[in-house]
Every structure is written in C-alpha cells, then in structure tokens.
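Read-outs throughout are calculated quantities, based only on the coordinates presented, and are distinct from any laboratory measurement. Just so it is clear, the model here is predicted, and its values are computed rather than measured. Here the Cβ is made from the backbone with ideal geometry for all residues, glycine too, and neighbour counts use every protein chain on show.
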Amino acid sequence: MQNKSTINLDFTINSGQTFLWEKIGDAWFGVNGGELLVIAEPFRIVSSSKNARYFFRHGDNMSKILSSINKDTLVRTAVEQFPGLRLMRQDPFQCYISFICSSNSSIRNIKNMLTRLCRKFGNKVEFENHQFSTFPSAGTLANATIKDLLSCGLGFRAKYVREAAKAVNSGKIEFEALRKTDYRTAQDMLKTVQGIGNKIADCILLFSLDKLESFPIDRWTQRILQKYYPEIFDITHGKSLTEKKYTHLHEKIVEYFGPYAGYSQQFLFKMERDLNKKKWL
DNA sequence: TCATCACCTGGAGA
DNA sequence: ATCTCCAGGTGAT
C-alpha cells in the first residue's frame, strides 16, 4: 500500500475531469489556463511552475477525505483499485468553457474542440521541442466571431461559449467570488449562463472552485446510483433529471457520502467507466 | 412543474 | 466505403 499522499497521474488525468493533457514519454503535458504544466510519473514536477502543487490539490488531507467517504464496500473497492486518484483544482475559466463544450458530446470530441480553440486563440508555448498552445483568455473568446468559434467544431455550443466568455469578461461572473461563497449560491450564479445547467455547474464547482460536496449527476452517475444503490437513491430509469429531482438527489447524496461527496463521485465514476472499457485521453 | 425534442459535430460500430 | 447512432446536457415548447 503506497502512501496516501502519492498522486497517480494516469488515474487522475484519465478520470474525466480534464481534457487538455497529453503523455509524451514518461511525462504528462497539460494546458491549464495560460500555462503549461509538465509532470513526470512517478509524480515529479518538471516545469518550474509553482502552481502545480496547487493544481493537484496538494493540501488536501487525503486520509481524512478517504476515511470520510468510506461508506460502503463499493467506495472502498474503488479507492483501493485507484490509489492516488485525486481531484484537480483547474483554472476556472478553462474548466467553465470546457464543460460548456462537454454538453451532449464525447470526451474525444470535447478534447478536439478545446485543442482547436487553443490553437486558434491561445498563445504558442514550447517545451523541449514540443509545441503547445495555452488556453485563450476570457477577453479573447468574448471578442471572437461565431464563425471562428464554429471553425473549431463547437457547433451549437459556439454561442454559449461566446456569451459565457462575455459574462466573465464583463465581471458578471467572478470566479474568485464564487470560490468564496457557498455551494448553492455559486451554483445558482453559474446557471444564469446559457449552456450551464446543474450538471455542468457541478463540474465547474468541483473541478475548479473547491466545492467538494458537488457531485455532478450525469448519465454515468445515474447508472452507478441505480446499479449499486437502488435502495438508497431513487433513480427514475433512463430519463434526464428535472431541476427538482436533481436538487433532491444531490441532497440525498451529500447526506449519504458526506461533505467530500465529490471525491466519492470521482472514484466511482472512474471505476464504472473503466469497467465498461470507455476510452479516456 | 414536467415530458419531449432538437441540437452541431465527429468518432465508433454496423 | 457509407451509413447510422450517439456521446459525461441544455433550452425551448
């Protein structure tokens, strides 16, 4: 059993929370906002970025968190199966745009869209002869034409992305204020943006704004809950959740999994996707 | 308040 | 090759 504080990069990156990472040799290269993170496995920060520790939530007390979410054998199995799987603390703007793009799409497609956005609107950076492009700023995307956004393959999401960028650029959405406020208030604020519903708001809150009680409920999560917890959570089969049901279900989830429910979600999600041999990055 | 349905696009599977 | 189906949802009706 390895140290609980050791981060497993492969598990962490390939758990659906982030999209712009690429493995070259034994190193992972990841775009996070305006910077490039380079991390080798076993976990070692290669680039000089001071933000890498922050990004990987180095301060999280994992023994406390893992013991908190250890509610049943299923969670216990998932935690044992994926030691070192962690949540990330991503650049909020990138996370926000990424999950707006995730709507009704697949991981492969989302990654393609975001990569094209970076290439078209971001800054070029080079590391050991490898070329990358950073994530565009809110100002840049707010001023992009719909035509240019469509050329990145965004489809119906193009107008959402531009309006979302405008909301940030104008100060209507302030991530650091959302980070400080409570879960529900932050979620309501995010949902005022077109293209952001409960699920996407929860992803942004969990993966970039420190709301660890957030538990994004999507097709997979629903499948997990009805497959393994039919007695505890009442999931209406196959149908999309209404506003009221989503909120009610989330309350039940936090009641059961506790204040770090988001971490339990990450382990269960990873486990079930791997079980179904779903591809990651 | 709830149920249906359309939606851009490009992989994956038939 | 060519086609169909659908993917980590959301908004409009």
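Work out the length of the dipole vector of segment A:141-281 about its Cα centre, built from +1 on the beta-carbon of each Lys and Arg and -1 on the beta-carbon of each Asp and Glu, and round it to the nearest 20 debye.
Roughly 640 debye for segment A:141-281.
Expressed as a rounded percentage, what relative contact order does segment A:95-204 have, with Cα pairs under 8 Å and six or more residues apart?
Normalised by residue count, the contact order of segment A:95-204 is 27 percent.
Can you give the charge dipole size of segment A:4-61 about its Cα centre, rounded to the nearest 20 debye, using +1 on the beta carbon of Lys and Arg and -1 on the beta carbon of Asp and Glu?
For this selection, approximately 220 debye.
To make sure I understand the rule: partners must be lysines, Cα under 29 Å from the Cα of A:LYS23, and not fewer than 8 residues away in the same chain. Which ones qualify?
Filter leaves A:LYS4, A:LYS50, A:LYS111, A:LYS120, A:LYS124, A:LYS199, A:LYS211, A:LYS270, A:LYS277, A:LYS278, A:LYS279.
Can you give the relative contact order of segment A:4-61 as a percent, counting alpha carbon pairs under 8 Å and 6+ residues apart? Walk me through the numbers on the way to the answer.
On the way: 51 pairs, mean separation 13.2, N = 58.
Computed value for segment A:4-61: 23 percent relative contact order.
Using alpha-carbon pairs under 8 Å, 6+ residues apart, how would you state the relative contact order of segment A:148-226 in percent?
Contact order relative to length: 22 percent.
Provide the net charge surrounding A:TYR228, with neighbours chosen by a C-beta distance below 13 Å and charges set as Lys +1, Arg +1, Asp -1, Glu -1. Could you put the intermediate results ahead of the total?
On the way: positive: A:LYS71, A:ARG76, A:ARG223, A:LYS227; negative: A:ASP72, A:GLU231, A:GLU272.
The answer is +1.
Which three extents, in whole angstrom, do the alpha-carbon atoms of segment A:1-156 cover along their principal axes, largest first?
51, 36, 25
Sum -39500 (n - 2.57) across every DSSP H segment of at least 4 residues in chain A, then divide by the residue count to get the 222 nm mean residue ellipticity, nearest 500.
It lands at -14000 deg cm²/dmol.
Based on the alpha-carbon set only, what is the convex hull volume of segment A:86-164 divided per residue, in Å³?
108
Once you have a ≥ b ≥ c as the square roots of the Cα gyration tensor eigenvalues for segment A:4-61, tell me rounded if a/c is under 1.5, and otherwise prolate or oblate according to whether a/b is larger than b/c. Working shown, then result.
Values: a/c = 1.26, a/b = 1.13, b/c = 1.12.
Rounded, since a/c falls under 1.5.
Which Rg and Dmax, in Å, describe the Cα atoms of chain A?
18.2, 54
When the label point is put 7 Å from the Cα of A:TYR256 along its Cα-to-beta-carbon vector, which residues of segment A:201-236 have a backbone N closer than 16 Å?
Label zone hits: A:214-236.
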